[in-house]
Amino acid sequence: MNSVQSLIQPQVLAQLGFAGVVALTLTGALIAVFPRNILYNVLGLIICLTGVAGLFVYLGSPFIALMELLIYVGAICISIIFAIMLSRPLHLSLPKRHLPKVGLALGVGAAVFIMLSAIISRTEWQPAAMRSNDWSITTLGTYLLTRYDLVFEVISLVLLVAILGAIIISGYARRSTS
Amino acid sequence: MAAWQNLVNFLGPDLARIVVGLVGVLALVQVNALFLVWLERKVAAHIQLRIGPKEVGPFGILQTIVDGIKLVSKELITPRHVDRKLFMLAPIAVFLPVLVSFVVIPFSERLLIRDMNVGLLLIFAFSTFNVLAVLVGGWASNNKYSLLGAVRAVAQNVAYEIPLLLTVLSVVMWSNSLQMSEIVASQSKIWHVFWMPVAALIYLICATAETNRAPFDIPEAESELVAGFHTEYSGMRFALFFLAEYSNMLIVSAVATTLFFGGWKSLPGLGFLPVPGLIWFFAKTYVLIFVTIWVRWTFPRLRFDQLMNFCWKIMIPAALLHLIVYAGIIKLLR
């Protein structure tokens with residue numbers, strides 16, 4: 001009885017939840033890379049991103065967590081799946097792994113990892129109590145449209161270019177076939 | 001009360017809330033599906049000048065319980081060429097968003113599992129898992145009808161999600177909150193449906209499409225695709241897809257009630273009646289569900305290109321225009 005009660009203390013539960021979320025992220029990442037079935041890879045990516053959303057919950061921003069789900073899982077992964085469904089059938093024999101390609105991928109991954117960890121280690125992280133607590137949606141919106149409006153505009157520009165590219169590709173493809 | 005106190009003492013208030021909420025939601029989901037299947041068959045029958053189920057129980061109301069027992073006792077057939085892991089995962093995954101969505105729906109003034117300040121977003125964020133499960137199920141079945149059904153389901157859901165979210169955004173701007181209880185509170189005088197009838201209409205149309213119901217039921221168009229994405233499923237796995245569909249109907253109608261029809265508040269001018277908010281809430285929700293059933297048995301199914309054109313050329317521009325116009329109105333009013 002007491003052992004159960006000690007297990008369901010809020011602190012213990014929070015730590016268990018955190019371990020679960022981290023496990024989810026890592027498992028998802030592994031599934032996203034290793035299996036040779038490309039649909040499994042996407043599903044692994046989805047599991048991984050769901051775990052990342054969980055991490056945002058632990059960082060105290062449920063809004064960003066839900067946005068992560070809505071955009072990365074709901075929009076991006078679904079469009080990746082679309083692309084897979086329209087590409088070559090899965091029952092055909094798989095192409096072999098080319099060693100140079102794997103090496104290149106490893107190199108790029110390592111470079112990104114090193115850069116990110118350099119940035120993370122250089123940043124002076126403040127304990128949660130010392131930061132301002134106001135990370136509401138209103139604050140985020142105000143920041144996006146005042147201090148970070150250039151970033152905001154650049155992101156919109158990238159999306160605009162992507163949309164135009166999609167229209168041109170599909171338009172030309174249709175014109176050349178008909 | 002003593003039992004409740006014991007539970008709270010043992011689990012702590014938060015965990016007790018979760019456990020009780022989960023049990024309540026599971027019960028609600030089952031009873032709702034049993035009732036809605038019966039209602040659907042009965043309404044369909046009367047629209048087609050038939051009688052419908054009438055043998056088991058008064059007005060055949062116990063018919064779906066018998067059907068349910070049949071489904072539970074059936075063998076779970078796993079065809080040989082399916083992708084086993086994903087085939088078994090899909091019916092379970094289709095149920096996840098259902099359970100999560102009920103967490104934030106305000107059934108009455110105090111009956112609400114968790115009043116999150118991003119509650120509305122939670123429902124829409126998790127509804128993507130529903131699409132995903134359909135896709136995984138259809139793909140894992142290794143059947144051309146299933147795959148076609150799944151592809152259609154995804155194309156349709158992705159397209160109709162855009163106008164749905166845009167109209168919901170107008171409501172959020174109007175009530176200035178993503179919190180479900182505050183959205184209800186902002187309708188204490190006038191319901192949102194009277195302020196923005198177009199948004200309510202767009203929402204209801206898109207919600208019908210999101211739940212894959214006729215006239216938008218091309219993912220499971222029987223005459224072309226056998227049963228679409230769940231062709232290969234049998235027994236309780238099939239029943240889980242079915243349960244999720246009817247629970248999703250309940251969820252979209254409950255969200256519509258919350259967003260546009262005043263939630264658990266009474267009908268305008270009937271506030272003096274001693275009717276609890278819970279009854280008002282469910283009455284409004286089931287009236288909306290009845291309307292969707294009515295629509296299903298009245299309109300023929302759309303063709304796939306008609307469906308897509310309707311969404312991209314009419315619904316999305318209309319929803320965008322609505323959003324811009326209401327942003328202007330809100331700016332003028334405040």
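The values are calculated or read from the model by the stated rules, or taken from the named source; none is laboratory data. Remember, predicted model here, so these are calculated numbers, not experimental data. Methodologically, a virtual Cβ is constructed for each residue, glycine included, from the backbone with ideal geometry; neighbour enumeration extends over all protein chains shown. Heads up: the accessible areas ignore ligands, DNA and RNA and are worked out on the full protein's heavy atoms, side chains in. Shrake-Rupley method; radii C 1.70, N 1.55, O 1.52, S 1.80 Å.
Filtering segment B:277-302 to residues that are touching a residue at least 12 places away in the same chain (Cβ under 8 Å) and surrounded by fewer than 13 Cβ atoms within 10 Å (Cβ to Cβ) leaves B:Thr298, B:Phe299, B:Pro300. When B:Leu165, B:Leu121, B:Leu132, B:Leu169 are checked against the criterion of being of a type outside the set (Phe, Trp, Tyr), surrounded by fewer than 20 Cβ atoms within 10 Å (Cβ to Cβ) and within 10 Å of another protein chain (Cβ to nearest Cβ), a single residue qualifies: B:Leu165.
Residues that are open to solvent by less than 10 Å² (accessible area, probe 1.4 Å) and assigned to a helix (DSSP H, G or I) were ranked within segment B:135-145; the one that is farthest from the other protein chains (Cβ to nearest Cβ) is B:Gly137.
None of B:Val151, B:Val158 is within 8 Å of another protein chain (Cβ to nearest Cβ), under 27 Å from B:Tyr326 (Cα atoms) and open to solvent by 20 Å² or more (accessible area, probe 1.4 Å) except B:Val158.
Among (1) open to solvent by 20 Å² or more (accessible area, probe 1.4 Å); (2) touching a helix residue (DSSP H, G or I) at 6+ places or on another chain (Cβ under 6 Å); (3) within 11 Å of another protein chain (Cβ to nearest Cβ); (4) not aliphatic (A, V, I, L, M), where does B:Lys85 come up short? It is condition (2) that B:Lys85 fails. Among residues that are surrounded by 10 or more Cβ atoms within 10 Å (Cβ to Cβ), small (Gly, Ala, Ser) and modelled with pLDDT of 90 or more, A:Ala173 is not included. Looking only at segment B:39-58, which residues are in contact with a Pro (Cβ under 6 Å, 6 or more places away or on another chain) and either assigned by TED's automatic domain parsing to the domain that holds B:Arg296 or at positive phi (or both)? Within segment B:39-58, no residue meets the criteria. Taking the criterion of being modelled with pLDDT under 85, in a helix (DSSP H, G or I) and away from chain A (no Cβ under 12 Å), the residues of segment B:94-118 that qualify are B:Val98, B:Leu99. Could you grab me the full set of residues in segment A:38-71 that are facing chain B (nearest Cβ under 10 Å), assigned to a helix (DSSP H, G or I) and farther than 17 Å from B:Lys85 by Cβ? Residues satisfying the conditions are A:Thr50, A:Ala53, A:Pro62, A:Phe63, A:Ile64, A:Ala65, A:Leu66, A:Met67, A:Glu68, A:Leu69, A:Leu70, A:Ile71.
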